[in-house]
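Notes to accompany the following structure.
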Amino acid sequence: MTEQRTARAVRAHAATAAWAAALVGLHALAGFFVLGAWLTASEGPWDRTVTGTARLMAGLGLAVELMALAGTAAGVNTGRLGRWWYAPAAVLVAVAVVRMVFAPQP
């Protein structure tokens, strides 16, 4: 293997690692929003803002996770990432949608 091929391989691995790190960051941010949506609970019948708060947090998580899903699709299509990278995105999208649909009612 020549030095040029070795340098090219190192750059390709560094790019893949950076891509993966960006996706992990997006998944963590979306997970923060989705967890916040799940932990939002009504304090009683007088608490009318809880539904809006839970749906807002789930919506933010969904928006961030859709960006991560686009990045995952690009990474899988270029061959840099494996198909298993779709799993965290699918789980977080499903959890966010379920929380938006079943938000607590005051």
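The values are calculated or read from the model by the stated rules, or taken from the named source; none is laboratory data. As the structure is a computational prediction, the values presented were derived from the model and not from experiment. So basically every Cβ, Gly included, is an ideal-geometry build from the backbone, and we count neighbours across all protein chains shown. Side chains are part of the model used for accessible areas, which takes the heavy atoms of the whole protein and leaves out ligands, DNA and RNA. Shrake-Rupley method; radii C 1.70, N 1.55, O 1.52, S 1.80 Å.
Name the residues in region 76-95 that are crowded, with 19+ Cβ neighbours inside 10 Å and over 10 Å from the mean Cα position of the chain (by Cα), would you? Hits for region 76-95 are L81, W85, V95. Part of a helix (DSSP H, G or I), modelled with pLDDT under 95 and open to solvent by 40 Å² or more (accessible area, probe 1.4 Å): does that describe A14? Yes: the conditions hold for A14. Checked against (1) in a helix (DSSP H, G or I); (2) of a type outside the set (G, A, S); (3) in contact with a Pro (Cβ under 9 Å, 6 or more places away or on another chain); (4) at pLDDT below 90, H27 meets all criteria but (4). Checking each residue in region 17-57 for being of a type in the set (F, W, Y) and open to solvent by 60 Å² or more (accessible area, probe 1.4 Å) picks out W19, F32, W38, W46.
Given the criterion farther than 30 Å from P104 by Cβ, in contact (Cβ under 8 Å) with a residue 12 or more places away in the chain and among the hydroxyl-bearing types (S, T, Y), identify the matching residue among T16, T51. Can you show your working first?
Numbers: T51 fails: farther than 30 Å from P104 by Cβ.
Answer to the selection: T16.
Pairing residues of region 59-71 that are closer than 12 Å to F32 by Cα with residues that are of a type in the set (K, R) and in a helix (DSSP H, G or I), at Cβ distances under 9 Å and at least 6 apart in sequence or on separate chains, gives G61/R99. The residue of region 77-106 that is nearest to M67 (Cα to Cα), among those that are of a type in the set (V, I, T) and touching a residue at least 12 places away in the same chain (Cβ under 8 Å), is V93.
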